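J.: Got a structure for you, written out below as structure tokens; questions coming shortly.
What follows is calculated from the coordinates using simple rules that are stated; it is not laboratory data. Small disclaimer: the values here were computed from a predicted structure and weren't measured. Cβ placement follows ideal geometry from the backbone for every residue including glycine, while neighbour counts extend to all protein chains displayed.
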């Protein structure tokens with residue numbers, strides 16, 4: 001697994017979202033690298049990490065993270081990366097100092113008992129389209145992440161560049177969607193004894209802002225930051241605000 005390390009200060013692990021790679025963190029790197037040692041991870045089959053069968057199953061991922069990443073660190077995960085960060089914190093709480101979940105949902109796809117998530121029918125159609133036209137599906141996903149948000153043009157440009165550069169392997173994309181479809185980390189969030197902060201976009205089309213009212217019912221200790229005008233990638237559209245929020249939480 002490819003992991004780029006840079007900066008100085010306390011260790012901070014960053015996990016990207018579905019179909020992307022660690023280069024997507026570029027807007028945050030300058031803000032954070034002066035204060036933290038960043039560990040920028042490329043998930044299997046993404047960026048510079050090679051693909052192997054079953055590499056994106058949860059147990060294997062968590063085992064590799066435990067082997068490759070610092071003994072103790074802060075963790076920051078975006079979307080799917082947020083779910084994986086939460087799963088790691090649940091399994092290895094002694095290794096996670098503080099956890100930041102950025103536009104991440106403990107259960108990404110909606111069900112009757114969890115409506116504050118992506119519509120299940122829309123998600124299924126999206127997964128089906130990936131089999132027929134990967135390029136068009138990734139293009140649509142980029143648009144969804146920025147739709148309706150402030151600075152959407154710049155967000156779309158950066159995300160499109162990241163998906164065009166080092167395109168994720170087809171099997172890795174399918175495996176990532178399978179994780180998004182099946183992971184249910186609500187219980188992990190309830191039982192979490194690691195300090196956790198959520199950063200949510202007020203105009204996110206994939207992780208509804210209504211999640212902010214539901215999260216405290218799972219864990220009353222969660223700190224929540226809402227970034228008005230941001231979509232699914234607030235660290236791209238509002239990097240300074242995100243960086244300030246991250247530093248404030250980690251420096252407490």
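J.: Please report the Cα spread of the range 99-177 along all three principal axes, rounded to whole Å, starting with the longest.
T.: That gives 38, 31, 27 Å along the principal axes, largest extent first.
J.: Looking at the chain as a GNM with Cα springs under 10 Å, which of 184, 204, 113 has the largest mean-square fluctuation?
T.: Per the Cα network of the chain with a 10 Å cutoff, 113 tops the list.
J.: Report the FRET efficiency, 1/(1 + (r/R0)^6), for residue 67 and residue 228, where r is their Cβ-Cβ distance and R0 is 45 Å, rounded to 0.05.
T.: 0.65
J.: Find the relative contact order for the chain and round it to a whole percent, using C-alpha pairs within less than 8 Å whose residues are 6+ positions apart.
T.: 22
J.: Here's another thing I want to ask about it. Rounded to the nearest 5, what % of DSSP beta bridges with both residues in the range 1-54 are antiparallel?
T.: 50
J.: Here's something else I'd like to know. Report the residue, chosen from 52, 83, 205, that carries the largest GNM mean-square fluctuation when the chain is represented by alpha-carbon nodes joined by springs under 10 Å.
T.: Ranking 52, 83, 205 by mean-square fluctuation puts 52 first.
J.: Take the alpha carbon gyration tensor of the chain, find the square roots of its eigenvalues, order them as a ≥ b ≥ c, and report rounded if a/c is under 1.5; if not, report prolate when a/b exceeds b/c, else oblate.
T.: rounded
J.: When all C-alpha to C-alpha distances in the range 1-90 are sorted into bins of 5 Å, what percent of pairs does each bin hold, rounded to whole numbers?
T.: The calculated distribution, bin by bin, is 3, 14, 27, 29, 18, 7, 2, 0.
J.: Next question, about the same structure. For the range 209-248, what class follows from the C-alpha gyration tensor (a ≥ b ≥ c being the square roots of its eigenvalues): rounded when a/c is under 1.5, otherwise prolate if a/b is larger than b/c, else oblate?
T.: Oblate, since a/c reaches 1.5 and b/c is not below a/b.
J.: Evaluate the relative contact order of the range 1-57 (contact order divided by residue number), counting alpha-carbon pairs under 8 angstrom at least 6 apart; express in whole percent.
T.: Relative contact order here is 46 percent.
J.: For residue 58 and residue 125 in the same chain, what is the full-extension length gain: residue separation times 0.36 nm, less their Cα-Cα distance, in nm?
T.: Gain on stretching residue 58 to residue 125: 21.8 nm.
J.: Cut-off 10 angstrom, C-alpha nodes, Gaussian network model of the chain. Which of 128, 161, 225 fluctuates the most?
T.: 128
J.: Nearest-5 percent of antiparallel DSSP beta bridges in the chain?
T.: Around 20 percent of the beta bridges assigned by DSSP in the chain are antiparallel ones.
J.: Give me D for the range 128-252 in µm² s⁻¹, whole number, from Stokes-Einstein with Rh from the Kirkwood sum over alpha-carbon pairs, 37 °C and 0.692 mPa s.
T.: D, rounded to a whole number, is 203 µm²/s.
J.: Starting from the Cα gyration tensor of the range 44-157, take the square roots of the eigenvalues, sort them a ≥ b ≥ c, and report rounded, prolate or oblate (rounded when a/c is under 1.5, otherwise prolate if a/b is larger than b/c, else oblate).
T.: Note, shape of the range 44-157 comes out prolate.
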